[in-house]
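The values are calculated or read from the model by the stated rules, or taken from the named source; none is laboratory data. Note that this is a predicted model, so its numbers are computed, not measured. Neighbour counts run over all protein chains shown; Cβ positions are idealised from the backbone, glycine included.
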Amino acid sequence: MKFKFVAIAATGLFCVGQVSAQNNNYVIKGTIKGASSGRVYLEHENENKKVVTDSTVLSSEGNFQFKGKVVSPQFYSIKMKGIKNPSTFLLENAAITFAGSKDSLNKAVITGSESQNVYLGFYNGPWKAITKKAGDIYQRLDKAEQGGKVKPDSLTRAGFDREFRVLDTLNQAAVKDYVSQHPGSVGSAAIIYDRFIAYPNFPVARSLFSILSPKVQKSLIGQQITHAFALDEKTATGQIAPAIAMADKDGKIVHLSDFKGKYVMVDFWASWCGPCRKENPNVVAAYKKYHDKGFEVLGVSLDSNKESWLKAIAADGLTWTHVSDLKGWANAAAAEYGVKAVPASFLIGPDGKVVGKDLRGEALNKKLGELMK
């Protein structure tokens, strides 16, 4: 599961009448302004697959209703055909109202879910200060790089790196403070997943997870976090790297074990991933410098379009071995390695054991220099 979104409540609330929960089930009563016909779908993402759990016909007044029961709060989406951005929220067993517009369904106002309130409370509050600071840094960095045309000198780059480290510290502190105020809400677990599982920082995630109440830790989102911890331990330094067997661009199956006896970096990326494409020149430089000394790269793409994948390989000058099952986020190797965001990389030693994770830029160069003295 990937929480790639940040739902923000829209201003204004449409009257949809009184709602009451029944027998500890959920009751969703909603209105979609501007829509007078069509089918409304209640959808849930399970193991990277979107599953429609319920659907109903919209009334001529734009009203709809769903009833059901969830084991614990989970992210669900309300969508209609022809509308690109659905409204995603934490659904729990409660009386919930949904007030949205056909033209901006993702900005619907959803009330009645305590978990959703806690979740949104962070993004409408503390997170705004973090994103404001981040936006300023990225704007100045983009100006220094002239839109990616110029590589800043080491002193300038070091200055930006310091700012990003400070920002990361502020991010961690903001989440810790907020989670500490709401340890009994699944909304807090969802925030931890967003900030430190989807964008991996497992030491911080483990520390924050310990703050949550036992009930929240055992919730479905809590279980997903626990599962992510297990996958992280599976690829910890010193562990045998999970096997990979996947087709290259010509359909030939490539095995990770084919690289035994060499240092190989399993590089998860995608043609549509901006940060991946930005990191590629660093990987190219490391490959050129250390390839003759026994360094290999196995690129694992999370693309679903073969043409885009191959075009990016050629454009970025990636001359190493590439594989993909063209299943996007459902990539089998990504699942085995617990990859929730790209770029992600795993440096594996000649004995097949992990020796480093997510080494980028100078960190990769430094590590390879140490290993290949």
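Values as computed for the structure displayed
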item	result
Residue satisfying all of: in the range 356-373; surrounded by fewer than 19 Cβ atoms within 10 Å (Cβ to Cβ) and of a type in the set (A, V, I, L, M, F, W, C); nearest to the chain's Cα centre (by Cα) among these	ALA363
Residue in the range 256-265 that is without any contact (Cβ under 8 Å) to a residue 40 or more places away in the chain, under 19 Å from SER301 (Cα atoms) and either loosely packed, with under 14 Cβ neighbours inside 10 Å or hydroxyl-bearing (Ser, Thr, Tyr) (or both) present	no
Residue list for the range 258-299, filter: part of a strand (DSSP E or B) and small (Gly, Ala, Ser)	GLY299
Any hit, the range 263-271, residues being modelled with pLDDT of 95 or more and over 24 Å from VAL355 (Cβ atoms)	yes
Lone unmet requirement of (1) outside any strand (DSSP E or B); (2) assigned by TED's automatic domain parsing to the domain that holds LYS353 for ILE221	(2)
Those residues of the range 179-226 which are in contact with a Leu (Cβ under 6 Å, 6 or more places away or on another chain), within 16 Å of PRO73 (Cα to Cα) and of a type in the set (Val, Ile, Thr), in sequence order	ILE192
Hits in the range 300-312 - residues which are of a type in the set (A, V, I, L, M) and either surrounded by fewer than 21 Cβ atoms within 10 Å (Cβ to Cβ) or part of a strand (DSSP E or B) (or both)	VAL300, LEU310
Strands (runs of 3 or more DSSP E) lying entirely in the range 1-110 (those with 1 or more residues that are of a type in the set (Ser, Thr, Tyr), at pLDDT 90 or above and out of contact with any Asp or Glu (no Cβ under 7 Å at 6 or more places or on another chain))	26-33, 39-46, 49-57, 87-91, 95-101
One residue from LEU120, LEU212, LEU208 being touching a Lys or Arg at 6+ places or on another chain (Cβ under 7 Å), crowded, with 18+ Cβ neighbours inside 10 Å, over 23 Å from GLU362 (Cα atoms) and hydrophobic (A, V, I, L, M, F, W, C)	LEU208
So LYS151, is it among the charged types (D, E, K, R) and in a strand (DSSP E or B)	no
In the range 311-344, the residues that are closer than 17 Å to ALA245 by Cα and of a type in the set (Gly, Ala, Ser)	SER324, GLY328, ALA330, ALA332, ALA333, ALA334, ALA335, GLY338
